[in-house]
Amino acid sequence: SSGINAEYGGQEKDWEEDYDNMVLELLDEDECCFLVYRLDEPRGSHFEHVLITWRPEEASVKDRAAYTMSKPHLTELFEEGTFSYFLGGHTFSDVDFNALKYVMMGEGEIEPLSRYEELKKEALAEEEVERNRALKKIPDMDMYVEDDTVKEINKFVKGFINFIQFVIDGKRETIRATDSSNVAIDDLADKMPEDSPRFNLYRYSHLKEGKSTEFVPVFIYYVPEGGTAKAKSLYPCAIDCFIKKLQSLNADIKLRLEFSDMADMTEGVLYEMIYPPDRETLLASFRDVVPAKRPGKRGGWIKVLPV
């Protein structure tokens with residue numbers, strides 16, 4: 001939606017007694033929402049508040065992604081320092097009174113609760129993962145891969161084809177193949193739409209050091225600078241789980257790449273990413289090779305990530 005709808009609730013007792021009754025009553029099992037809850041604890045000239053981001057598993061992938069991406073914009077609507085604590089989750093136990101107390105405990109506000117002490121070590125590890133995910137502002141979404149697409153992946157695994165392109169169907173929340181064929185590396189750029197992200201699976205066939213023929217499966221995430229915000233939010237949500245699915249189907253991916261401009265993905269670039277040159281060779285290339293300039297073009301970016 002283009003705006004934020006707000007509902008208000010009044011205080012009945014103190015905030016600790018009201019919390020579960022008021023917060024959990026407002027949560028639907030199939031609908032995301034933000035909740036702002038005021039604590040009766042003054043901090044400076046105003047009261048402390050907690051911001052709750054509710055993203056239940058039964059909600060659509062599109063809604064969960066939208067709420068994750070819009071949280072920073074929501075916080076900008078409030079005065080700086082309004083929120084002392086942040087909660088987020090997809091089950092009631094993630095956002096109930098005990099969860100809030102645990103977050104407050106981590107801030108040093110209350111004494112540790114014995115029932116949580118045994119969870120402390122595990123929670124620290126989970127918080128580190130969440131922190132890394134928060135930096136990217138994206139959740140993990142396990143989207144359904146259509147049956148016909150799985151058949152194309154099996155063809156790829158068996159060597160009948162060397163290229164598959166995948167698209168996310170936002171309405172059905174599925175991943176399907178839109179192209180499966182044999183493609184020369186010089187023709188890969190022509191397979192990419194101008195303003196829509198795509199997942200691609202490609203088997204790079206080449207001669208290693210001019211000797212033996214090698215076949216290296218590569219996962220390519222193409223994310224152009226243009227395109228809709230909705231599409232850009234869905235693909236990052238699905239990428240990790242989708243790669244795990246491909247690996248479970250024996251795709252044997254050796255390299256994971258992200259490109260914003262497929263013109264940058266030449267055979268020379270791909271070969272050097274698979275077989276990085278040693279230091280002496282690299283230094284020699286700095287002395288001997290002058291990078292080609294493309295006046296008037298901002299250029300794209302390339303990322304190499306662990307599979």
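The values are calculated or read from the model by the stated rules, or taken from the named source; none is laboratory data. All values derive from a computational prediction rather than experimental measurement. To get the accessible areas, we keep the full protein, side chains included, count just its heavy atoms, and leave off ligands, DNA and RNA. Shrake-Rupley method; radii C 1.70, N 1.55, O 1.52, S 1.80 Å.
Computed in the context of the full set of protein chains, the accessible area of the range 159-274 at 1.4 Å probe radius has 46% of its extent on carbon or sulfur. Ligands, DNA and RNA excluded, the heavy atoms of F47 present near 80 Å² of accessible surface to a 1.4 Å solvent probe. Here are some pairs, K101/K230; K101/K232; K62/K244; K151/K254; which of them have Cα atoms lying more than 30 Å apart in this structure? From the list (K101/K230; K101/K232; K62/K244; K151/K254), the Cα-Cα distance tops 30 Å for K101/K230; K101/K232.
Probe radius 1.4 Å, ligands and nucleic acids left out: which of M105, M22 has the largest accessible area, and how do the rest follow? If you can, show how the numbers build up before the last one.
On the way: M105 25, M22 50 Å².
Correct descending sequence by accessible area is M22, M105.
With all protein chains in place and ligands, DNA and RNA left out, the 1.4 Å accessible area ranks F215, F86, F259 as F215, F86, F259, largest first.
For the range 206-273, what does the alpha-carbon gyration tensor say about shape, rounded, prolate or oblate, given a ≥ b ≥ c as the root eigenvalues, a/c under 1.5 as rounded, and a/b over b/c as prolate? The shape class here is oblate.
Sorting K62, K254, K171 by accessible area puts them as K171, K254, K62; the probe is 1.4 Å, largest comes first, and only protein heavy atoms count. Measuring with a 1.4 angstrom probe and ignoring ligands and nucleic acids, R198 comes out at about 40 Å² accessible.
The phi-based Karplus calculation (6.51 cos²θ - 1.76 cosθ + 1.60; θ = phi - 60°) puts the 3J(HN,Hα) values of the range 247-252 at 5, 5, 9, 6, 5, 6 Hz, whole numbers, x for Gly and Pro.
Over the range 54-106, give the accessible area per residue in Å² for a 1.4 Å probe, as an integer. Result: 51 Å² per residue. Residues whose amide H comes within less than 5 Å of that of G170, counting only those at least five positions distant or on another chain, are absent (H built at 1.01 Å from N in the peptide plane).
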